[in-house]
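Computed from the coordinates by the stated procedures, all read-outs in this text should not be read as laboratory data. Please read these numbers as outputs of a predicted model, since none were measured by experiment. As a convention, Cβ positions derive from the backbone with ideal geometry for all residues, glycine included, and neighbour counts pool all protein chains shown.
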Amino acid sequence: MRTIDWVDGAIELIDQTRLPGECVMLRIHTVDELIDAIRRLAVRGAPALGVAGALGVALAGEDPGAIARLRAARPTAVNLAWGVDQAAARLPEGPRAVLDAALRIRDDDIAACVAMGERGADLLDGDRLRIMTVCNSGGLAAVERGTALGVVQTLHERGRLAEVLALETRPLLQGARLTTWELARMGAPHRLVTDSAGPYLLAKGGIDAVLIGADRIAANGDTANKIGSYALALGAERAGVPFIVVAPETTIDPATPSGEHIHIEDRGGDEVVSLGGVRVAPEGTEALNPAFDVTPHDLITAIVTDRRVIRP
């Protein structure tokens, strides 16, 4: 199934906040509805946000305010702004040209994910690989197949996957809710582990590679991804385990010199002090909630895109 698509004049997308309990499709008719879906993470993941941004311009028409609000809805992920800009550049040619540009971005993402899966699987040595990952980088983060989890899917299809260890990814549990759901659907062996157990399990040995996605890759190779990625990179470096970033070429941002220039979104304390609507911390407790962290390029073994393998 497709995470996001254009159907009969509206955007259709999977409401990822309802998974894994139920798979619900939303129909989005306005930019404000799309912005709400983006901000509450009904649609998320860098490639999917790029497609959402482009399709959102098709909804916005020539309303510059709506386009600006959409572009700024998730500041860390470069693909959202990129998708908006690509489609908005076609506005002088009329609505059909804008929609054609957005649909091309959708189709390019599908092809890019296939290419990343093959290139990433070719990069890894071994026949029965144990992979560790954080957050969700599968089809739910793209259109159909995914980035880092797309590599996992290719390994599984080739009979080279032994197991995936998926970090739960606090505070919103994208790993526990979404990655395990996708792995189960593809029939891939997997187990769920707590975020803080990741570096320890790397130190114990037996993990062949860490695969993560990316929300923005700076010009020098520093990479922003879901919070917890940096800790895995440190653990992988100490354990001598390859740490591989898988992301489309469009996630590389030449205008951002290094990781210190990446704006890290703080999503507020409510997501930390409560879980599934149930408060887990005393009333009055304040919390920090950076949604992403930055892994320096010298901790990254390789960046796999749809076009190349980069070794920072």
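Exposure proxy for Ile14, Ile217: other Cβ atoms within 10 Å of each Cβ, ordered fewest to most, give Ile14, Ile217. Ordering Met132, Met116, Met186, Met1 by the number of other Cβ atoms within 10 Å of each residue's own Cβ, fewest first, gives Met1, Met186, Met132, Met116. Taking amide H as placed 1.01 Å from N in the peptide plane, the amide H of Phe292 sits under 5 Å from that of Ile227, Glu265, each at least 5 places away or on another chain.
Each of Glu118 and Cys23 was given a label point 7 Å from its Cα along the Cα-to-Cβ line. The distance between the two points is 2.6 nm. If R0 equals 45 Å, the separation of the Cβ atoms of Arg39 and Asp127 corresponds to a calculated FRET efficiency of about 0.55.
Among the trypsin sites (Lys or Arg not before Pro) found in the stretch 1-104, those both in a DSSP coil and sparsely packed, with 16 or fewer other Cβ atoms within 10 Å of their Cβ, are Arg40. Here the relative contact order of the chain, from alpha carbon pairs under 8 Å that lie six or more residues apart, stands at 16 percent.
Shape of the stretch 28-68 from the C-alpha gyration tensor: prolate (a/c of 1.5 or more and a/b above b/c, with a ≥ b ≥ c the square roots of its eigenvalues).
GNM on the chain, alpha-carbon springs under 10 angstrom: the most fluctuating residue among Leu201, Leu211, Leu232 is Leu201.
Here is how the number arises for the chain: DSSP H runs of 4 or more residues each give -39500 (n - 2.57), the sum is divided by the residue count, and the result at 222 nm is -11000 deg cm²/dmol.
For the stretch 140-213 versus the stretch 280-312, the inter-centroid distance based on Cα atoms is 16 Å. Membrane-span-like helices in the chain (whole DSSP H runs, Cα extent of at least 18 Å along the helix axis, mean Kyte-Doolittle hydropathy of at least 1.6): 46-60. A simple rule links phi to the HN-Hα coupling: the Karplus curve 6.51 cos²θ - 1.76 cosθ + 1.60 with θ = phi - 60°, which for the stretch 254-268 gives x, 7, 9, x, 7, x, 5, 9, 8, 6, 9, 6, 9, 8, x Hz, with x for Gly and Pro. Matching the structure-derived semi-axes √(5λ) of the Cα gyration tensor in Å against the labelled list [x] 29, 22, 19; [y] 33, 21, 17; [z] 42, 23, 15 gives the label [x]. Gain on full extension, evaluated as 0.36 nm per residue between Asp32 and Glu286 minus their Cα-Cα distance, stands at 88.5 nm. Would you tally the net charge around Asp108, using a Cβ to Cβ cut-off of less than 11 Å, leaving Asp108 out, and scoring K and R as +1, D and E as -1? Surrounding charge for Asp108 is -2. Footprinting exposure proxy ranking of Val84, Val114, fewest other C-beta atoms within 10 angstrom first, gives Val114, Val84. Spin-label model, Glu62/Ala197: points 7 Å from Cα along the beta carbon direction are separated by 5.8 nm. Overall shape: oblate for the stretch 125-183, with the ratio a/c of the largest to smallest alpha carbon gyration tensor axis at 1.5 or above and b/c at least equal to a/b. Amide H contacts for Ala162 (H built 1.01 Å from N in the peptide plane; partners 5 or more residues away or on another chain; cut-off under 5 Å): Leu129, Arg130. Packing here is the average count of other Cβ atoms within 10 Å per residue, and on that basis the peptides 148-157, 45-54, highest first, run 45-54, 148-157.
Applying 1/(1 + (r/R0)^6) with R0 = 22 Å to the Cβ-Cβ distance of Lys204 and Ala162 gives a FRET efficiency near 0.90. Using θ = phi - 60° in the Karplus curve 6.51 cos²θ - 1.76 cosθ + 1.60, the 3J(HN,Hα) couplings for the stretch 205-220 round to x, x, 9, 8, 6, 9, 10, 10, x, 7, 9, 7, 10, 6, 4, 8 Hz; x is entered for Gly and Pro.
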